Amino acid sequence: MSGITDIAGIRVGHHHRLDDDASLGGGWACGVTVVLPPPGTVGAVDCRGGAPGTRETDLLDPVNSVRYVDAVLLAGGSAYGLAAADGVMRWLEEQQKGVAMGAGVVPIVPGAVIFDLPVGAWDCRPTAEFGYAACAAADESGDAAPVAVGTVGAGVGARAGVLKGGVGTASITLPSGVTVGALVVVNAAGEAVDPATGLPWMAELIARYGLAAPPAEQVEALAQLPSPLSALNTTIAVVATDAALSPAACRRVAIAAHDGLARTLRPAHTPLDGDTVFALATGAIEVPPAADTPAALSPETGLLTAVGAAAADCLAAAVLDGVIAATSVAGIPTYRDLLPGAFKS
C-alpha cells in the first residue's frame, strides 16, 4: 500500500496505550504519531478548524526566520497531548538534530492534537515518554517502511462521525517524477460515509477501494446510529513531497490539501474541529519551471499547482484508508464491521 514513506527519507513512528477493557470513560485509549523528515526539509501549516490545539505553528509562517522542520507531532489527548513534544525534542537533541545554537541544538517540532479524552479515562493521555518512543519507533522502521494504519498511534481514540476513525496514508507519483504523500489522523465531527448509501462521498474512492453498495439492512443500521455532531473531533494531517519548494509554496500546498478533507468529511472545518494540515518539502527533486511561465509569476507556479492537487487527492484517500483500517475501541462501530457488504468478495 502506498503511503507517505514513499517519499525518500521520511519515517513514521507510533506509540500508544490501549487497554483490553477500554470503554468510554475508562482505561487507556490514546497515543501519538511522529513524522521524521530528512535534514533540510521545509515546513508549513494551514489550520481551517475552529478549535485547534497546536504548537509552533506561528514559527512556520513563511515571513518568519526558521525554515526547516525536524519532526511533526500528531497526538491524542487534546491540549494535554502536546506534552508529548517534550519527548520528541529530547530524542532529537540526543541525535543532535535541530537549529545549531552554539552550545547545543534547538529542535523544531510543530504539532497538533485531536480531542479524544472521553474515549478512555480522562487522565490517560500522552506524555513526553510517548513522543520519545514514537521517535525511536520511526528511527528503527528504516527508509520506505510501510506505515501502520487504523487504530494505532494518535488514531487509537479517534472517531469519524458515528464510526471509528484512525490513521491513514496514501501517495501519488506525478509525471514529473515528484512524489506526494499524506498521513492523517481522522477524528472528525463530520461523517466519512454517506448515511444514505453506506459508501464514501467520493466516487473515485469507491472505485479505488473496490467498494459496492451494501445491503439495505446494513445501510439502515448505519442510519439508525445516533449521529449528532461528535464532541470528539479534529482531523490532523501531514502532506509531504520530495519536490523543492519554498516555505511560501509549502504553505500553498497545505492550503490546497484541505480540499481533500472537504471532499471526504461532511461537514468539515466546523467550529467543533481543529482541522490542521502540515506540509513538508524535502527538496530532493528540482523541477525546472515551464518555458511558458509568465515572468510575473513565481517559477514554482506550475509545479505548485500539480503538487497541491495531488496533496488534496492523497489526503482524501488517506482519510478513507484510516476509516477502513480502523478496529473498534470502546464500542465505537467500525466501517468494516457495520457495513461488511460494501467489500466485494
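Please treat every number below as a calculation from the coordinates, not as lab data. Small disclaimer: the values here were computed from a predicted structure and weren't measured. Because the Cβ atoms are built from the backbone with ideal geometry, glycine has one as well, and the counts that use them run over all protein chains shown.
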Extension reserve of the Ala79-Ala212 stretch, reckoned as 0.36 nm per residue once the Cα distance is removed: 44.0 nm
Dipole moment magnitude, nearest 20 debye, region 4-337 about Cα centre, only Lys, Arg, Asp, Glu C-beta charged: 260
Ordering of 60-70, 186-196, 215-225 by burial proxy (mean other Cβ atoms within 10 Å per residue, highest first): 186-196, 60-70, 215-225
Relative contact order for region 52-100, counting Cα pairs under 8 Å that sit 6 or more residues apart, in percent: 32
For the chain: rounded, prolate or oblate by the Cα gyration tensor [a/c cutoff 1.5]: oblate
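So what's the back-of-envelope 222 nm ellipticity for the chain, counting only DSSP H runs of four-plus at -39500 (n - 2.57) apiece and dividing by all residues, rounded to 500? Please report the intermediate quantities before stating the final value.
Values: 7 runs with 86 residues, N = 345.
Calculated from helices alone, the mean residue ellipticity at 222 nm is -8000 deg cm²/dmol.
Are there any helices in the chain, counted as whole DSSP H runs, that stretch 30 Å or more along their axis by Cα and score at least 0.5 on average by Kyte-Doolittle, and if so which? Let's see the in-between values first.
Values: long enough: 301-325 (35 Å, 1.66).
Once both thresholds are applied, what remains is 301-325.
Given Cα pairs under 8 Å that are at least 6 residues apart, what percent is the relative contact order of region 4-337? Kindly include the intermediate steps, with their values, before the conclusion.
Details: 976 pairs, mean separation 82.6, N = 334.
The value is 25 percent.
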Span from the region 252-280 Cα centroid across to the region 31-92 one, whole angstrom: 16
Tyr68-Arg90 FRET efficiency (beta carbon distance; Förster radius 25 Å; 0.05 resolution): 0.85
Point-charge dipole on Cβ atoms (K/R +1, D/E -1) for region 1-126, about Cα centre, debye to 20: 260
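Given a Förster distance of 35 angstrom, what is the FRET efficiency for Thr305 paired with Asp123, based on the Cβ-Cβ distance and rounded to 0.05?
Details: r = 47 Å, r/R0 = 1.34.
It comes to 0.15.
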